[in-house]
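Contents: one structure, followed by commentary.
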Amino acid sequence: MNLSEHYNELFKTSSELILSENYTIDPKINNDSDKRFGVTLLVRPSKEIKANVQEFLKELKNIEPDQYYYPSSDIHVTTMSIISCAEGFKLDKFSTSKYVEIIEKSLVDVNKIQIDYRGVTLSPDAIMIQGFPTDDSLNILRDKLRDNFKNSSLKQSIDSRYSITTAHSTVMRFQKKLKNPKKLIEVVEKFRNHNFGKFTVEKIELVYNDWYQRERNTINLCDLYL
């Protein structure tokens with residue numbers, strides 16, 4: 001898949017929906033009874049990139065102060081959703097060591113992963129920073145994870161929602177009706193090709209997380225260093 005084309009198509013279709021007020025508001029962001037939890041393999045961008053992202057979000061907050069903005073601690077790129085978030089999933093029967101064994105096996109002979117944060121795109125319910133892997137290393141790792149987990153007896157739901165192919169980071173979600181959709185699109189367009197920076201992945205985190213990857217609800221299960 002051509003990532004540029006994918007992000008461009010997302011921006012085009014989603015901006016049209018937002019301008020026609022057919023976007024989606026997430027009703028569960030501030031719902032304390034939301035018990036959707038899962039297990040994710042993820043990476044986090046550098047501090048410098050997070051600081052650049054917050055400068056972008058600062059502009060958005062001036063236009064739409066009532067939306068949900070990701071703090072730097074929560075910004076991430078999903079490497080693979082191992083167990084998709086679902087009501088009632090708990091860690092009591094989760095064998096971390098067995099999952100780590102498969103992940104370590106998948107990491108063998110995978111080259112360094114670099115991600116270029118370049119530009120911003122939209123979905124009907126969120127704003128995302130566009131991530132571009134600099135080579136095929138991330139996709140190779142994902143394919144190895146798919147094969148190795150599907151050939152195991154461990155509980156997993158890889159690709160059950162969709163087959164992950166991008167390297168984006170969600171940084172804002174719509175939690176209330178937008179005050180000024182047109183102005184929002186204008187700010188996003190201003191940053192459509194903005195260079196947020198490039199980072200080399202030094203570690204991958206296996207975490208137990210809620211739907212929004214909020215730090216307060218995240219349990220780090222293992223760090224795997226590249």
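The values are calculated or read from the model by the stated rules, or taken from the named source; none is laboratory data. Keep in mind the model is a prediction, meaning the values are calculated, not measured. FYI the Cβ positions are ideal-geometry reconstructions off the backbone, even for glycines, and counts take in every protein chain you see. Ligands, DNA and RNA are excluded from the accessible area calculation, which covers all protein heavy atoms including side chains. Shrake-Rupley method; radii C 1.70, N 1.55, O 1.52, S 1.80 Å.
A few comments on the model shown:
- Vicinal HN-Hα couplings computed from phi for segment 171-176 (Karplus, 6.51 cos²θ - 1.76 cosθ + 1.60; Hz; Gly/Pro x): 10, 8, 10, 7, 10, 9
- Hull shadow area, averaged, segment 171-222 [alpha-carbon convex hull, nm²]: 5.7 nm²
- Nonlocal amide H pairs with residue 24, under 5 Å, H built at 1.01 Å: 125
- When both segment 47-65 and segment 15-36 are represented by their alpha-carbon centers, they are found 20 Å apart.
- Between 0 and 90°, nearest 10: helix 96-107 axis offset from the chain longest Cα axis: 80 degrees
- Approximate spin-label separation residue 47-residue 165, in nm, with each point projected 7 Å along Cα-to-Cβ: 3.7 nm
- Gained length - residue 55 relative to residue 2, 0.36 nm times residue gap less alpha-carbon distance: 16.3 nm
- With 28 Å as the limit on Cα-Cα distance, the pairs of 35/182; 28/150; 28/179; 98/198; 47/93 that go past it are 35/182; 28/150; 98/198; 47/93.
- Per residue, the accessible area of segment 3-225 comes to 49 Å² when a 1.4 Å probe rolls over the protein heavy atoms.
- Based on the Kirkwood approach, the hydrodynamic radius assigned to segment 39-105 is 14.8 Å, with every pair of different Cα atoms included.
- Three principal axis extents of segment 3-225 based on alpha-carbon atoms, in descending order, are 49, 40, 28 Å.
- Distance between the 7 Å Cα→Cβ label points at residue 93 and residue 112: 4.3 nm.
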